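Here's the structure, in structure tokens; my notes come after.
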Amino acid sequence: MLPVRKWNIIGYRKTSLRIALILFLCSVVIMTVRNSTNGSPFNLGVDFTGGVVMNIDFMTEEPVSVATVREVLSGFNQDGAVIQQDKNHPEHYMIRMTEITNHQQDEIFDALQEQIGSINPDTRQTDFIGPTIGSELRKNALLTLSLALLLILLYVAIRFKFKDGVSAIIALIHDMSVALGVVSLFWIQLNTSSIAALLSITAYSLQDSIVILDRVRENLKYYKDKLTYAEIANMSITTTWIRSFNTSVTTLIGVLALAFFMGSSLRDFTTILLVGLLAGTYSSLYIVVPMLVNWQKENERVIRPVYLNALEAGTTTTDIKTKKYSSKNKDEVIVANDLSDTVKKTSTTKKKNNKKRRR
Amino acid sequence: MKRIRWGQLITIVVVVAISLWSIVYNYNSNQVKYGLDLRGGVHLVLEAEAITTSEALTEEKVVVEETATETSTENNANDEEPVEKEVTEEKLVVTNEDLNASTETNQITSEELKLAKIVIEKRINALGVSEATVSIQGNSRIIVDIPGYSDIDQAKDIIGRVAVLTFKDEEGNVLVTGKNLKKAEFAYQQMEQTGPREPIVQLEWDEKGKELFAQGTQNNVGKPISIFLDDELLISPKVNEAITSGDAVITFGGKNEESIKEAQEVAILLQGGSLPVKMTFLEERVVGPSLGQDTIKNSKIGAIIAFLAIILFLMLIYKMLGVMGALALLLYVIIYLGFLLGIKATLSLPAIGAMIISVGMAVDSNVIVFERIKEEYAKGRTFLSAIGAGYAHGWTAIFDSNFAMLLAMIILYSFGTTQIRGFAITLVAGIVAALVTSYFFTQFILSFVAVNNPKVSGKLYGLKGPEKDD
């Protein structure tokens, strides 16, 4: 078992938040650079932009598989091409790609001929094709997403606190931008399936953040008067750390199986999921609660038990209160265990001392 | 907290039984729907005005403009405009140069093509065919992809059916049909001398239509008239006064962007009821899955291996608790599939994304509770009490995270496109199935074990008691 309980995650919150900020800024820079060099931050797929459609007949003896056609196309940065094979006439293929020049079209035809087999020359032509996701639909989708985020914010604000909601949304934005940064960097084509992957990330990130927030909420209820907000926060993160880790691993198993067995046709889909999964796990542990601690300055002035103060000051002596405290309530001793081993040691040594004294 | 909840068991047994039935029934009757990417479907190419040749088109690259929504209007204002007295119409500037292409030749305008696309989309959506896509190809063709269908005739039937435009009164009596509608156009109209220009739709009837429309409006002054395209209600404007001239105007109460958009859409659909272009089927094909047959076969293997790996992982970490979790996951898969097949959801790539996430969520519910049980046991609770506490404390986290997700998915479903809808519905199904199995089922089975064997070894369940002081 990992020694998670002793980790001081909140203590390093400046570093962890800085890492998040840097990741976010990197994504923004990548998108800006792409925007100025490629004219758009993202590689919009044929669903968005429209493009060309090829209707070709292969003249090979054996029917050609979709996978081999895709293999050839991915060499031309057309990973997101929609490839359809006629079931009744397997030699016939319909391929939809983003807009390309005449020269590139010829290159693709030649590559297909070279690597797969000859194509009926009568079918060596292309036609323009319009987008299936029009500009209106795109605007609508953005609006929908914003509305969904707003509702989440509202729900978390009601069930938790407003700040918690803001924090969760910021984590979500972080995860999305990191994923989008990767999409932009590797020029992954945005199509319906990559949008689905991005949505999945949002769902995952949200789930992860709320589970941690729930723990903070619960611990606040029990320890509000005994510990500082930062201490409660650290305890909450460390106790849910294993859960976050285990859940991420199981989800990762699913994603990796998909990546491994479904191969190149799903490479973009699984890449986005993978990046989002890592970002989502990071943000829930190292962004959501640390950010809340930063916003919680006024809570630093809190009444604390004497023994904790003494502990921090390094004087582990005196005070019978510790013993009283530990014998009174089991749960509260555990807090001490969570915070530091020294607390336990102190109490045990004290017990021993007491025993000696009695003798 | 400590008693066994038999109600949970009964619920689960019933749900699993229904799910199993749904799976068997849908598989046997071959009603599982897959998206174009997973199974393929029917691919149709429609040609508007069949004579244009594709050779000619590839030479002249005329790009179809997506945003061509503005239409030109003829200045045919007359004094008998029924709605307002002093009507000043303004001619709209033609922004799309393609519109200048003469309509007398075989060439159809991009506006007409776009209109045809919208009508076909509406028609397919009205029939509840999920995840169908319609796109414009070249400048005279429309591609329609309908996933999951293999019956070309049935698909052609859906699209080829002529949409009927009907005007009905409150009782549902048909007053007049689209056959007699000569023209429906979007325009702007100045309501008062100094007032704002409001979006309107102008209607123009032929002789017979004029008569029927006059009669219909006479009988329904002050009441709404509903306009249907097939079975879909487009709009039901109120009749202000009897309209006998044959020219009518529908106003949309405002000049904001929304009413402009609505007016444009209604105009297009009213006009589309009497499609100006002749559509013929140029190509009809049954296509294979766009992801490729091999990929599909591999994905099944991948899913099974992922499932086994997750189960193994759970058992390794949580011992007997993990076994319970694995059992729950098995039931989860049954309920999940049963539900998806039951509601006839289309299984496609977005849905697979949702599935992976929801499997993660199902396991997550388990992990949250199991970790909590471990913690509580380590505090010195008994096995039974640790289980009770684990489920009680885990509940708020599970409830809140799932409920927030549910809200988000409802929004996505109500406003999203068909594919996004597919995603949302798949995820919601996953949330519900996960809750039933990973929370309620494991809660039942663990409390059952704990109550009946109070001295069960915590070690067997991967639990460690409190570290002893002495």
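Put in line by how crowded their Cβ is, counting other Cβ atoms within 10 Å and starting with the fewest, A:Ser118, A:Ser27 read A:Ser118, A:Ser27.
Which residues does the label zone of A:Leu21 cover in the range A:175-218, counting backbone N under 18 Å from a point 7 Å along Cα→Cβ? Flagged as within label range: A:175, A:177-178.
Counting other beta carbons within 10 Å of each residue's own, what order do A:His89, A:His174, A:His103 fall into, fewest first?
Details: A:His89 12, A:His174 22, A:His103 8.
Ranking A:His89, A:His174, A:His103 by Cβ neighbours within 10 Å, fewest first, gives A:His103, A:His89, A:His174.
Can you bin the range A:51-129 into rounded, prolate or oblate? Criterion: square roots of the alpha carbon gyration tensor eigenvalues sorted a ≥ b ≥ c, rounded for a/c under 1.5, prolate for a/b above b/c, oblate for the rest. In terms of gyration-tensor shape, rounded. Pairs spanning more than 25 Å between alpha-carbon atoms, out of A:Lys226/B:Lys464; B:Lys374/B:Lys455; A:Lys161/A:Lys221; A:Lys161/A:Lys224; A:Lys139/B:Lys300; A:Lys221/B:Lys374: A:Lys226/B:Lys464; A:Lys139/B:Lys300.
Fully extending the segment from B:Thr11 to B:Lys261, taken as 0.36 nm per residue of separation minus the present Cα-Cα distance, adds 85.2 nm.
Here the simple spin-label model places points 7 Å from the Cα toward Cβ, and for A:Arg138 and A:Asp122 these points are separated by 3.8 nm. Amide H to amide H, with H built 1.01 Å from N, A:Glu99 comes under 5 Å of A:Val52, counting only residues 5 or more places away or on other chains.
Using a/c under 1.5 as the rounded threshold, could you call the range A:203-288 rounded, prolate or oblate? The axes a ≥ b ≥ c are square roots of the C-alpha gyration tensor eigenvalues, and prolate needs a/b larger than b/c, oblate otherwise. The shape class here is prolate. The simple Förster model, with R0 at 41 Å and r as the Cβ-Cβ distance, assigns B:Lys223 and A:Ser146 a FRET efficiency of 0.55.
Potential lengthening of the chain between A:Leu278 and A:Thr68 amounts to 72.5 nm, from the contour at 0.36 nm per residue minus the alpha-carbon distance.
Each residue in A:Lys6, B:Lys168 was given a count of other beta-carbon atoms within 10 angstrom of its own, and listing them fewest first yields A:Lys6, B:Lys168.
Please give the FRET efficiency for B:Thr396 paired with A:Trp295, using the beta carbon to beta carbon distance and R0 = 30 Å, rounded to the nearest 0.05. Approximately 0.85, to the nearest 0.05.
Legend: calculated FRET efficiency, B:Leu233 to A:His89, from the Cβ-Cβ distance at R0 = 41 Å, rounded to 0.05, equals 0.45. In this rough spin-label picture, where each label sits 7 Å from Cα along the Cβ direction, the B:Phe448-A:His103 distance is 7.1 nm. Coupling constants for the range B:201-215 follow from the phi torsions by the Karplus curve (6.51 cos²θ - 1.76 cosθ + 1.60, θ = phi - 60°), and in residue order they are 10, 8, 10, 10, 9, 7, 4, 5, x, 4, 4, 5, 5, 4, 4 Hz; glycine and proline get x. When the chymotrypsin sites (Phe, Trp or Tyr not before Pro) in the range A:1-102 are filtered for DSSP coil states and for at most 16 other beta-carbon atoms within 10 Å of their beta-carbon, the remaining sites are A:Trp7, A:Phe76.
Extending 7 Å from Cα along the Cβ direction at B:Asp206 and again at B:Val323 yields two label points whose distance is 7.9 nm. Here's how it looks for B:Val176: its modeled amide H is under 5 Å from those of B:Phe167, which are all 5 or more places away or on a different chain.
Once the piece of chain linking A:Leu154 and A:Trp7 is laid out straight, how much longer is it, given 0.36 nm per residue of separation minus the C-alpha distance between them?
Taking 0.36 nm per residue and subtracting the Cα distance, the gain is 49.7 nm.
Each value in this text was obtained by applying a stated rule to the coordinates, not by laboratory testing. Model, not experiment: these values are computed from the prediction. As a convention, Cβ positions derive from the backbone with ideal geometry for all residues, glycine included, and neighbour counts pool all protein chains shown.
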